[in-house]
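One structure below.
Every read-out reported here was derived from the displayed coordinates using simple, explicitly stated rules and does not represent laboratory data. Keep in mind the model is a prediction, meaning the values are calculated, not measured. Glycine also receives a Cβ, built like all others from the backbone with ideal geometry; neighbour counts cover every protein chain displayed.
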Amino acid sequence: MADKSKILLIGGTGYIGKFIAEASIKEGHPTFLLVRESTLSSPAKSIVINNFKNLGVNFLVGDLLDHESLVKAIKQVDVVISSIAHDQVDNQVNIIAAIKEAGNIKRFFPSEFTTDVDRSHIVEPATGLAASKAKIRRAIEAEGIPYTCVASNCFAGFFLPALNRPSSGGLGSFLQPNVHGATASHSDKRVILGDGNVKVVFNNEEDIATYTIKAVDDPRTVNKILYIKPPGNIISSNDLVSLWEKKIGKNNRKGLCSRGANFEEYSRYEPHLVDCECKLPNTGRGKSIHFKLCDQLDLNNF
């Protein structure tokens with residue numbers, strides 16, 4: 001049996017990055033994290049860092065903006081997985097340049113982990129983020145770097161505990177309550193953006209990470225988009241709220257919010273989430289799941 005690929009994670013201490021790092025170790029891959037010196041000594045990251053140390057993760061000191069450190073780290077591995085935050089997506093051109101110089105990488109996973117940015121119909125303010133991710137795709141293709149893009153859709157653990165409002169805060173939601181909070185309560189009322197019929201895919205973070213790592217050494221995923229879209233994980237905002245209403249025995253809706261001033265006000269909670277859920281074209285009707293996946297990979301075959 002061939003040796004497992006050595007994997008470098010950039011952004012591995014972030015939200016989805018932590019899951020990917022753990023999945024990489026569990027699957028038996030030699031796993032490396034590119035981290036800044038300040039991250040290793042940060043009290044805020046100490047729990048994550050210590051957990052990784054206990055798992056056997058290797059730390060390589062470097063910076064996304066330091067070309068030499070990137071090249072040095074990349075030369076030690078076979079595969080690079082980026083899970084950097086959305087405000088750093090454009091900086092992935094530095095990773096691309098370092099991969100080209102290193103010349104040894106057999107696969108690059110850019111930081112996407114959302115809907116397919118080339119096929120999603122989304123609204124402002126998330127269009128800028130989608131455009132940035134699409135631009136990185138084009139740069140990878142232009143350089144001829146083998147890649148796999150992961151269309152993971154929405155993080156279940158992040159959104160569902162608070163009824164599609166982010167449980168750890170900071171993204172916003174098309175089921176906005178009156179105020180931000182950590183979990184859904186009986187008293188919170190949800191404002192549903194659009195008509196509430198948008199079909200959204202919610203996937204468990206551990207599953208997303210596992211399929212990402214399983215794709216690393218799978219030749220079928222080279223230069224492909226890996227769609228993680230189990231039929232049982234597809235649900236609309238109306239159906240999601242209905243499930244909660246049935247559970248608590250009372251109406252939990254404040255109303256619908258169509259395109260216009262109110263929509264813009266709610267979507268301003270955080271632009272990143274609109275990329276995940278508010279796929280509203282000019283008709284005001286949602287179209288998150290609106291295309292046929294012609295070459296979708298069967299996840300059961302991994």
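Ranking of Ile208, Ile49 by neighbouring Cβ atoms within 10 Å, starting from the fewest: Ile49, Ile208. The modelled label-to-label distance for the pair Lys246/Asn204, using points 7 Å beyond Cα in the direction of Cβ, is 2.1 nm.
Structure note, pairs Lys4/Lys135; Lys53/Lys199; Lys106/Lys135: Cα-Cα distances above 28 angstrom occur for Lys4/Lys135; Lys53/Lys199.
Arranged from fewest to most other beta-carbon atoms within 10 Å of their beta carbon, Thr127, Thr212 become Thr127, Thr212. Pull out the extension gain between Asn104 and Lys75, defined as 0.36 nm times the separation in residues minus the alpha carbon to alpha carbon distance; nm, one decimal. Between Asn104 and Lys75, full extension yields an extra 9.8 nm.
For Ala131 and Phe59, a Förster radius of 41 Å and the Cβ-Cβ distance give a FRET efficiency of 0.80, rounded to the nearest 0.05.
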